[in-house]
Amino acid sequence: MGDLVAKTGEGSNNSSVPSDLSTKARCSEVQSHGSVVATHYNTLEERGLAERCKSRIFYLRNFNNWIKSMMINEYLSKIWQGKSHGAPVRVLDMCCGKGGDLLKWRRGNITHLVCADIAEVSVEQCQARYNDLQNRSRNDRGFAPVFTAEFISADCTKVRLRDRYKDPTMELDLVSCQFSFHYCFESLPQAESMLCNAAECLRPGGYFIGTIPDAYEVMKRHQTEGDSFGNEIYKVEFQCDTKPPVPLFGAKYSFHLEGVVDCPEFLVHFPTLVKLAKKYGLQLVAKERFDSYYERVKEEGRSLLGKMQALETYPPFHEAPLLGHVPEDYEHVQQYMQKSTGHRKVGTLSKSEWEAASLYLMFAFQKDNTRWKAEERPEFEDRSETTRKRASEDGNDGSVSKCLKSTDLTVGAGGETL
Ligand SMILES: C[S@@+](CC[C@H](N)C(=O)[O-])C[C@H]1O[C@@H](n2cnc3c(N)ncnc32)[C@H](O)[C@@H]1O
């Protein structure tokens with residue numbers, strides 16, 4: 001890590017670090033949690049489609065995947081708009097896991113992909129999936145060749161990825177870090193390294209996008225439910241002193257999600273992330289909770305919602321069992337159907353799944369044309385006004401977030417789209 005900071009000349013004790021970024025990491029341990037996280041993901045068994053269909057979180061996983069697809073499409077479209085015909089589009093999938101987003105990159109018509117993850121078994125599986133995709137596309141006449149790709153097994157909070165690229169002078173158009181960025185908030189140096197990896201090869205105008213748990217929402221639930229809270233599918237257990245002030249880094253909790261995640265994670269104090277990102281020439285251009293992002297893009301993404309089976313049909317077809325087990329799981333949709341007319345079938349998520357989905361937010365940063373002044377302070381145009389306005393309208397700039405209701409998610413889907 002020290003190596004990375006030294007090479008970029010942007011050390012954590014650089015004068016441009018905002019002064020209130022004190023690392024009061026009372027609850028972080030000296031040893032990094034990277035190896036715990038890597039072991040967890042390395043030993044996670046790949047479940048087949050049949051098994052996944054039976055999973056209690058089948059729709060939640062599809063819903064999260066749909067959010068990622070919509071985000072990736074949104075930002076790739078912006079990138080394509082600014083490109084001349086035939087110009088390459090290069091992407092870094094930071095913390096790529098087993099390659100769950102490979103098809104999204106394929107559909108987005110990108111030219112080159114760098115996949116990096118701390119779990120080497122996941123990286124191998126990701127590479128095997130890519131090879132399959134490539135073989136299938138070779139046999140598919142009429143299809144454009146699949147993008148080229150390279151695979152890196154590394155801790156993105158400690159290793160300078162650029163040193164591992166086949167071409168270290170490569171300029172990226174998009175960096176995507178899905179459901180993973182929060183791991184770097186273990187400490188300030190780790191957050192800096194991860195941001196440096198996200199920013200340093202991005203071309204001016206390129207985007208850094210991602211999804212993380214919303215620390216305000218986590219703390220709000222903590223305030224009402226205590227150090228351990230959740231439901232039948234997810235569970236959060238604080239493993240640090242949560243008496244205010246909660247530390248900016250190392251605010252550790254364990255997150256358990258039915259069969260897929262069981263790891264230590266860290267709260268991401270969003271204003272701190274925004275300040276740190278500026279240091280690397282990244283300006284916040286979008287920040288939205290999943291509920292509000294869903295509301296904004298659901299019409300545009302309606303057919304994809306159906307194709308990806310991102311919502312459960314209520315009432316189910318042909319007496320098929322509902323995935324939710326507790327009686328309250330579908331009360332919101334029953335109320336919705338009573339109030340609205342003309343919906344014989346709707347798409348929804350069970351209350352338990354919605355409680356897990358609504359913990360998350362999406363973010364997007366754009367790389368500036370940063371000029372470094374003599375005293376090593378970056379100079380950039382502030383593009384964040386609109387974002388600040390939207391965040392304050394969302395009620396997300398204060399310490400308590402707005403209340404989420406599971407009815408926020410229910411849509412009249414019409415049986416035919418599902
Ligand atoms: C919830 S999974 C998400 C995987 C993928 N981005 C997706 O959306 O399907 C989190 C991933 O982050 C990776 N990860 C966690 N800490 C990391 C680190 N320090 N460096 C690189 N990868 C890390 C894990 O190995 C795991 O693959």
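Any read-out appearing in this document is the output of simple, stated calculations on the displayed coordinates, not a laboratory observation. Computed from a prediction, not measured in an experiment: that's the story for all the values here. Note that we place each Cβ from the backbone using ideal geometry, even for glycine, and neighbour counts take in every protein chain shown.
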Size-normalised alpha-carbon gyration radius of the stretch 183-297, reference 2.2 N^0.38 Å: 1.15
Of every Cα-Cα pair in the stretch 163-217, the percent that sits beyond 15 Å: 54 percent
Residues Glu225, Glu74 arranged by fewest to most Cβ contacts within 10 Å: Glu225, Glu74
Burial ordering of His85, His256, fewest other beta-carbon atoms within 10 Å first: His85, His256
Karplus 3J(HN,Hα) series, Hz, for the stretch 102-107 with 6.51 cos²θ - 1.76 cosθ + 1.60 (x for Gly, Pro): 4, 5, 5, 5, 4, 5
Loop chymotrypsin sites (Phe, Trp or Tyr not before Pro), the stretch 101-144 (other Cβ atoms within 10 Å of the site Cβ: 15 or fewer; DSSP): Phe143
Ala320 paired with Asp140, simple spin-label distance in nm, labels 7 Å along Cα-to-beta-carbon: 2.5 nm
Whole-Hz ³J(HN,Hα) from phi, Karplus 6.51 cos²θ - 1.76 cosθ + 1.60, for the stretch 72-85, glycine and proline x: 4, 4, 4, 7, 5, 4, 4, 5, 4, 4, x, 9, 7, 4
For Val89, distant residues with modelled amide H under 5 Å away: Thr111, His112
Residue exposure sequence - Trp66, Trp354, Trp80 - by fewest surrounding Cβ within 10 Å: Trp80, Trp66, Trp354
Segment Trp80-Ser228, extension gain: residue separation times 0.36 nm, minus the distance between their alpha carbons: 48.8 nm
Built amide H within the under 5 Å cut-off of Leu172, gap 5+: Leu202, Arg203
Stretch gain in nm, segment Thr148-Gln338, where the contour uses 0.36 nm per residue and the Cα spacing is subtracted: 63.2 nm
Backbone HN-Hα couplings from phi across the stretch 281-297 [Karplus 6.51/-1.76/1.60, Hz, Gly and Pro as x]: x, 10, 9, 5, 10, 7, 8, 8, 5, 4, 5, 6, 4, 4, 4, 6, 10
Subset of Lys104/Lys252; Lys166/Lys307; Lys83/Lys367 violating a 26 Å alpha-carbon distance limit: Lys104/Lys252; Lys166/Lys307
Rounded, prolate or oblate (a/c below 1.5 giving rounded, otherwise prolate when a/b exceeds b/c) for the stretch 121-269 by Cα gyration tensor: prolate
